[in-house]
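Each value in this text was obtained by applying a stated rule to the coordinates, not by laboratory testing. Just so you know, these numbers come straight off a predicted model, no measurement behind them. Note: ideal-geometry Cβ built from the backbone for every residue, glycine included; neighbour counts use all protein chains shown.
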Amino acid sequence: MNSFFSAVSAGFMPVMAAVIVGYGLFKKAPVYDYFIEGAKEGLKTAVEILPFMVGIYIAVNGLTVSGLLDFIYMIFHPFFRMVHIPVELLPLIFLRAISGSGSFIILQDILEIAGPDSFSGRAACSMSGGCETVIYVLALYFGVTHVKKMRHALAGGLIGYCTGIAVSLVICNIL
Amino acid sequence: MMNYIWALILLASLTYSALSGRIGVFGQAMMNSSSEAVTFIISLSGVMAMWSGLMNIAEKTGFINKISRALTPITRLLFPHQKDPETLSCIVMSFMSNIFGTGNSSTVFALRTMEKLDAQNHYGDTASNDMCTFAVVNMAFAPIIPIVTIQLREELGSADPYSVVLPCLISSAATVIVSVIVCKILERRF
């Protein structure tokens, strides 16, 4: 069963690329030109998000290096042990709500230390895949509107976020 | 909001590092992390260019539109009072690009959607039901294939880098369903 899922997953990306390109050819579209055009846009986006990355890297690395984060985790350790959640996942669970790129560094750390195929490694990947940076997204989305009162957007986002974390832990435990 | 969070993180860490005598390390970390950010973006930009290229083909040839149209029943379910077809197609495009893993094009569509919903809301200072539902549900949508995560697993020598695809899918599907239900319940109370 597992190898079937792996085969489906491994094949998905190339197949999707083939379908997109094939559909384009069928429509007699200049697929190569479109590809180059899009790739150029992608590179531009990469440059555009660079300033945000620098800002977030500084804040997140500062948080880690100063030891402040360790202090915060220490407070939460007993609770995590009580519910049998691996302690190395703590930073990711906290940071994922704030920063996507910051939590990516932490994901990298977890995969390097615990190993990509360990329970912690897989749960961490699932969390990064299934949970969105709630606070960043809300600030960005409502930033373009005139809204001052977000009503239930923050509560809804956080409840969804916690669901993603909890389901990731349960699923990786089963599969 | 980001202003306060960013400043708070920076100043709190600075104070803590000063108190624990690690201020020198902190200064060094600030400089290192800036260049680390650039290195990270350089390694990421190749993947990003490739997917943006493929997505551009899908967009220009109308492939995305086809899938969007197929998903219209779902958007009707989420936004029963939304009649404007342009807003609906922006919403679907945002969901779609999220699912296809092009988070940045999703952000573009999401911002366009929010602007349209803002106009429908007569630029009021209280969020409409559609705004909250859209923001919360769009957050919950995750890429079908988490490309960057898989690439990272591959680099770190995972025996099966794709083994996380199914857990990601299930957790994100659960998050979407819970988010929708939570929004529908909360919008009556707030």
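The table below gives the values:
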quantity	calculated
Electrostatic dipole magnitude of segment A:31-175 [Cβ: Lys, Arg +1; Asp, Glu -1; Cα centre; debye, to 20]	600 debye
Inter-centroid distance (Cα atoms) of segment B:139-177 relative to segment A:84-147, Å	12 Å
Tensor-based shape of chain B (alpha-carbon gyration tensor, a/c under 1.5 rounded, otherwise prolate or oblate)	oblate
Sites A:Lys148 and A:Ile174, calculated FRET efficiency, Cβ-Cβ separation with R0 51 Å, nearest 0.05	0.75
Qualifying lysines (Cα of each under 18 Å from Cα of A:Lys148; at least 8 residues distant if same chain)	B:Lys116
Ascending count of other beta-carbon atoms within 10 Å, so fewest first, for A:His146, A:His84	A:His84, A:His146
Acute angle (nearest 10 degrees) that the helix A:68-82 long axis makes with the longest principal axis of chain A, alpha-carbon atoms	80 degrees
For residues of A:18-25, the mean tally of beta carbons on other chains within 10 Å	4
Relative contact order computed over segment A:67-174 (Cα-Cα under 8 Å; 6+ residues apart), in percent	25 percent
Computed label-point distance, nm, for sites B:Ala159 and A:Met16 using a 7 Å Cα→Cβ extension	2.7 nm
Prolate/oblate/rounded call for segment B:1-92, Cα gyration tensor, a/c under 1.5 rounded	oblate
Estimated vicinal HN-Hα couplings, Hz - segment B:4-14 in sequence order (Karplus 6.51, -1.76, 1.60; Gly, Pro = x)	5, 4, 4, 5, 4, 4, 4, 5, 5, 5, 4
Residue mean of other protein chain beta carbons inside 10 Å, B:146-159	5
Computed FRET value (nearest 0.05) for B:Asn32 with A:Ile36, which takes r as the C-beta separation and R₀ as 35 Å	0.50
For B:Asp125, B:Asp160, B:Asp130, order by how many other beta-carbon atoms lie within 10 Å, fewest first	B:Asp125, B:Asp160, B:Asp130
Averaged over B:176-184, number of beta-carbon atoms from partner chains that fall within 10 Å	5
Selection from B:Gln28, B:Pro80, B:Ala127 lying farthest towards where the dipole of segment B:28-149 points positive, charges on Cβ	B:Pro80
